[in-house]
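K.L.:
Quick one: the structure is below, and I'll ask about it shortly.
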Amino acid sequence: MGYTFFMIRTMPRFVLLNVLLFLSFLCTTPLNQGLFSEENSDAEALIHARRGALVKAARSFLGQKKIAVPGKRFNSDCSGTIFAICWTAGLDLQALSTKSGGKSGTESIYRSFSAAALLRHSKEEPLAGDIIFWDDSYDHNGNGKVDDPLSHVGIVVSVEKNGRIGYLHYRYDKGVVEEYMNLRMPQVKDDPQGLRMNSNMRISSWKPEKDSRQLSGELYHCAGITPALKAEWR
């Protein structure tokens, strides 16, 4: 006790103040808040589980040209595929998107994330289970101009340390396929070792003037944080 009192008396004032503030924090902060929050831990575990379910569901559709889900009906296109994947994972994204409106399925999905404030910035790399959007992948409105935002949608199934993102999406010529995107090098199709960094995204039959973009990284719009959606999970 005497030694402790001596240490306190000889301790510099600014150090003593910090020690007292820390002790006060320990006495007044419950262990289930802040860094020790059990609720935060549970939420993170739930998000992680949902990501795994979404990736597993997505891979189950790989190779399908006609999207088929027992007891449900989805269009065999990019947004229909995303709706089917989410339904299989336990999320009725179609019901949620119907409420958000939009001129297309892709735009409706985007609006759902926007309304929930769950859109990642265009330069923020998405994670597995996130839904990703592209612009100008084809001439959606048929006017020959590059003015077609939110023209395509897919879902992330893998993220590598080098920034390469694996995603599943529906291609009109092949059905559900896995392809790649790297936002750190959006204009690079293959690296020096021949590893695919960015797959072609723009439909090959459309070659607009004054816009040579065609790779997934070049046409990327943004991503939605699917596992964090609070509504319509079963």
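The values are calculated or read from the model by the stated rules, or taken from the named source; none is laboratory data. For clarity, every value in this text was computed on a predicted model and none was experimentally measured. Cβ coordinates were reconstructed from backbone atoms using ideal geometry, including for glycine residues, and neighbour counts include every protein chain displayed.
K.L.:
Go through (1) touching a Pro at 6+ places or on another chain (Cβ under 6 Å); (2) under 26 Å from GLU209 (Cα atoms) for MET185 and report which single condition fails.
P.N.:
(1)
K.L.:
Pick from GLY129, GLY142: which is touching a Gly at 6+ places or on another chain (Cβ under 8 Å) and assigned to a loop (DSSP other than H, G, I, E, B)?
P.N.:
GLY129
K.L.:
Looking only at segment 53-90, which residues are within 18 Å of the chain's Cα centre (by Cα) and assigned to a loop (DSSP other than H, G, I, E, B)?
P.N.:
Scanning segment 53-90 gives a single hit, GLY90.
K.L.:
Here is a further query. Looking at segment 145-161, which of the residues that are not in a strand (DSSP E or B) and not β-branched (Val, Ile, Thr) is farthest from GLY105 (Cα to Cα)?
P.N.:
Across segment 145-161, the extreme among qualifying residues is LYS161.
K.L.:
If I ask for residues that are at pLDDT 95 or above and either under 17 Å from GLY224 (Cβ atoms) or small (Gly, Ala, Ser) (or both), which ones from segment 143-162 would you list?
P.N.:
PRO149, LEU150, SER151, HIS152, VAL153, GLY154, ILE155, VAL156, VAL157, SER158, VAL159
K.L.:
Same structure again: Just to check your reading of the model, which residue among ARG164, ARG202, ARG196, ARG213 is among the charged types (D, E, K, R) and closer than 22 Å to GLY105 by Cα?
P.N.:
One residue alone meets the criteria, ARG202.
K.L.:
Here's a check for you: in segment 105-126, which residue that is in a loop (DSSP other than H, G, I, E, B) and surrounded by fewer than 17 Cβ atoms within 10 Å (Cβ to Cβ) is nearest to the chain's Cα centre (by Cα)?
P.N.:
In this case the residue turns out to be GLU125.
K.L.:
Hey, does segment 67-80 have a residue that's crowded, with 16+ Cβ neighbours inside 10 Å, under 18 Å from ASP130 (Cβ atoms) and at pLDDT 95 or above?
P.N.:
Yes; the residues of segment 67-80 include at least one that is crowded, with 16+ Cβ neighbours inside 10 Å, under 18 Å from ASP130 (Cβ atoms) and at pLDDT 95 or above.
K.L.:
Specify which of the listed residues (SER112, SER122) is touching a residue at least 40 places away in the same chain (Cβ under 8 Å), among the small types (Gly, Ala, Ser) and closer than 16 Å to ALA231 by Cα.
P.N.:
Of the residues listed, the single one that is touching a residue at least 40 places away in the same chain (Cβ under 8 Å), among the small types (Gly, Ala, Ser) and closer than 16 Å to ALA231 by Cα is SER112.
K.L.:
Looking at ALA58, is it under 16 Å from VAL156 (Cβ atoms), crowded, with 22+ Cβ neighbours inside 10 Å and modelled with pLDDT of 95 or more?
P.N.:
Here the answer is yes, as ALA58 does meet what is asked.
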